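The values are calculated or read from the model by the stated rules, or taken from the named source; none is laboratory data. These numbers come from a predicted model, not from an experiment. All Cβ positions, even for glycine, are placed from backbone atoms using ideal geometry, and neighbour counts span all protein chains on display.
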Amino acid sequence: MAPKKKSFDPVKTLEEIESKFEMFQILDQDGKIVNEDYMPDLSDEDLVELMERMVWTRVLDQRSISLNRQGRLGFYAPTAGQEASQLGSQYALEGEDYILPGYRDVPQLIWHGLPLTQAFLFSRGHFKGNQFPEGVNALSPQIIIGAQYVQTAGVALGIKKRGKDAVAITYTGDGGTSQGDFYEGINFASAYKAPAIFVIQNNNYAISTPRELQTAAKTLAQKGVASGVPSVLVDGMDPLAVYKVTKDARDRAVAGDGPTVIEMLCYRFGPHTMAGDDPTRYRTSDEDSDWEKKDPLVRFRKFLEEKDLWNEEKENEVMEQAKEDVKKAIKEADNTEKQTVTQLMELMYDEMPSNLEEQYEVYKEKESK
């Protein structure tokens, strides 16, 4: 009898790849340093500034939810729980870098230079919310899931062809990695060594669909491997770890070493959006409680208090300032001239389609009264 031939085992190869993706962390949930060798080169002033931004953004989120319920904002996607992921990464950028955000990523735009009033106007669907000031290198938040990944590959290639020392960074959720645009974007950027950073904010749910039902991959970071993109899994509730991996990715990109995929494991404490989503229907209270113990603000507060860089008085000052900023910005948004239907049609079309010309005249007459 001939000896039985061996079969090649591709499963073993997959398991070996998956085992490489361990979560990178600098601060544990108690605010203690667990990876001293990778501490980023941030001054005390930088650390305090990052905390101020996170606290300010948490207040903005709370106020935005309230304004939405009052009917004073339109579309809104809550951000509480993702401050470290969003702001730790943005803090690692330079002004010349381009941000291509998803719809939950308005905080990054604000800290990149977008006036808060315009962020509110964007939420209301007002065209002035998309008229970014000169020098704010960003695109408007993308509503189509994953589309910003393809756009980022193009923007990054443009940066490379112009010889700029800059990067293009984009964000999507775990659900976005199930879209074709995700794979096309990272593959294109990899092939041309474009200076891009592809962030996956894995908050465990694509609206109500848990991550494990979207993909059989044990991590989302490993999806970059197929396209030859260096990829990392990081604790997205740890602002220092987020900053570190983003800064390193930017350094590699501007040095000509191409893109990076970063999976940031985090959690959104609120609903997917304020448009009727009820997270209690698909998440348990125990799950919520477990993640609340990892709150990025609580973790970073403990770290800074241990260094005598933060206290309750300072936090209250930032919170009050945030409330005043929101109050002023929403007033400015309220006083902005209302957008008309005819303005929308004029902005959308250089030449009005024949089927809309009649409707245009009807609305023009209504608006003249």
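Quick check on Gly113: is it buried (at least 19 other Cβ atoms within 10 Å of the Cβ) and either among the β-branched types (Val, Ile, Thr) or at pLDDT 95 or above (or both)? Show your work before the answer.
Values: buried (at least 19 other Cβ atoms within 10 Å of the Cβ): no; either among the β-branched types (Val, Ile, Thr) or at pLDDT 95 or above (or both): yes.
It is false that Gly113 is buried (at least 19 other Cβ atoms within 10 Å of the Cβ) and either among the β-branched types (Val, Ile, Thr) or at pLDDT 95 or above (or both).
Yes or no: Leu42 surrounded by 15 or more Cβ atoms within 10 Å (Cβ to Cβ) and assigned to a helix (DSSP H, G or I)? Walk me through how you get there before you give the answer.
Values: surrounded by 15 or more Cβ atoms within 10 Å (Cβ to Cβ): yes; assigned to a helix (DSSP H, G or I): no.
Criteria not met by Leu42.
Considering every residue within segment 341-354, establish whether at least one is in contact (Cβ under 8 Å) with a residue 60 or more places away in the chain and exposed (fewer than 12 other Cβ atoms within 10 Å of the Cβ).
If we filter segment 341-354 for residues that are in contact (Cβ under 8 Å) with a residue 60 or more places away in the chain, which is where we start, we get 343-344, 347.
In the following step, the residues that additionally are exposed (fewer than 12 other Cβ atoms within 10 Å of the Cβ) were identified as 347.
Looking for residues that are in contact (Cβ under 8 Å) with a residue 60 or more places away in the chain and exposed (fewer than 12 other Cβ atoms within 10 Å of the Cβ), one finds at least one in segment 341-354, hence yes.
Every residue in segment 1-34 that is closer than 21 Å to Pro230 by Cα and either in a loop (DSSP other than H, G, I, E, B) or among the small types (Gly, Ala, Ser) (or both), please.
Ser19, Lys20, Phe21, Glu22, Met23, Gln25, Ile26
Scan Gly95, Gly102, Gly81, Gly71 and give me the residue that is at positive phi, among the small types (Gly, Ala, Ser) and under 23 Å from the mean Cα position of the chain (by Cα). Spell out how you get there, then give the answer.
Working: Gly95 fails: at positive phi; Gly102 fails: at positive phi; Gly71 fails: under 23 Å from the mean Cα position of the chain (by Cα).
Of Gly95, Gly102, Gly81, Gly71, the one residue that is at positive phi, among the small types (Gly, Ala, Ser) and under 23 Å from the mean Cα position of the chain (by Cα) is Gly81.
As an exercise: evaluate Ile144 against (1) crowded, with 23+ Cβ neighbours inside 10 Å; (2) among the hydrophobic types (A, V, I, L, M, F, W, C); (3) assigned to a loop (DSSP other than H, G, I, E, B) and give the number of the one condition it does not meet.
So Ile144 meets the others, but not (1).
Quick one: would you say Val362 is in the same structural domain as Lys128 (by TED's automatic domain parsing) and β-branched (Val, Ile, Thr)?
Details: in the same structural domain as Lys128 (by TED's automatic domain parsing): no; β-branched (Val, Ile, Thr): yes.
Here the answer is no, as Val362 does not meet what is asked.
Which of the residues spanning segment 19-34 are surrounded by 14 or more Cβ atoms within 10 Å (Cβ to Cβ) and touching a Lys or Arg at 6+ places or on another chain (Cβ under 9 Å)? So that I can check it myself, show each step before the final result.
Going through segment 19-34, the residues surrounded by 14 or more Cβ atoms within 10 Å (Cβ to Cβ) turn out to be 21, 23-29, 31, 33.
Once the filter is applied, which keeps residues that are surrounded by 14 or more Cβ atoms within 10 Å (Cβ to Cβ) and touching a Lys or Arg at 6+ places or on another chain (Cβ under 9 Å), segment 19-34 yields Phe21, Phe24, Ile26, Leu27, Asp28, Gln29, Gly31.
Would you say Gln151 is farther than 25 Å from Met23 by Cβ, of a type outside the set (Lys, Arg), touching a residue at least 12 places away in the same chain (Cβ under 8 Å) and touching a Ser or Thr at 6+ places or on another chain (Cβ under 8 Å)?
Numbers: farther than 25 Å from Met23 by Cβ: yes; of a type outside the set (Lys, Arg): yes; touching a residue at least 12 places away in the same chain (Cβ under 8 Å): yes; touching a Ser or Thr at 6+ places or on another chain (Cβ under 8 Å): yes.
Answer is yes for this residue.
Against the conditions (1) surrounded by fewer than 11 Cβ atoms within 10 Å (Cβ to Cβ); (2) within 25 Å of the chain's Cα centre (by Cα); (3) farther than 17 Å from Phe300 by Cβ, where does Thr13 fall short? Just the number, please.
(2)
Met274: in a loop (DSSP other than H, G, I, E, B), buried (at least 18 other Cβ atoms within 10 Å of the Cβ) and aliphatic (A, V, I, L, M), yes or no? Explain how you work it out, then say what you get.
Working: in a loop (DSSP other than H, G, I, E, B): yes; buried (at least 18 other Cβ atoms within 10 Å of the Cβ): yes; aliphatic (A, V, I, L, M): yes.
The answer is yes for Met274.
Working carefully through the options Val261, Val326, Val318, Val298, find the one that is in the same structural domain as Thr209 (by TED's automatic domain parsing), outside any helix (DSSP H, G or I) and at pLDDT 95 or above.
Working: Val326 fails: outside any helix (DSSP H, G or I); Val318 fails: outside any helix (DSSP H, G or I); Val298 fails: outside any helix (DSSP H, G or I).
Within the list Val261, Val326, Val318, Val298, the selection yields Val261.
Yes or no, residue by residue, for (1) surrounded by 14 or more Cβ atoms within 10 Å (Cβ to Cβ); (2) touching an Asp or Glu at 6+ places or on another chain (Cβ under 8 Å):
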residue: Val254; (1), (2): yes, yes
residue: Asp278; (1), (2): no, no
residue: Arg283; (1), (2): yes, no
residue: Ser289; (1), (2): no, no
residue: Trp310; (1), (2): yes, no
residue: Ala322; (1), (2): yes, no
residue: Ile330; (1), (2): yes, no
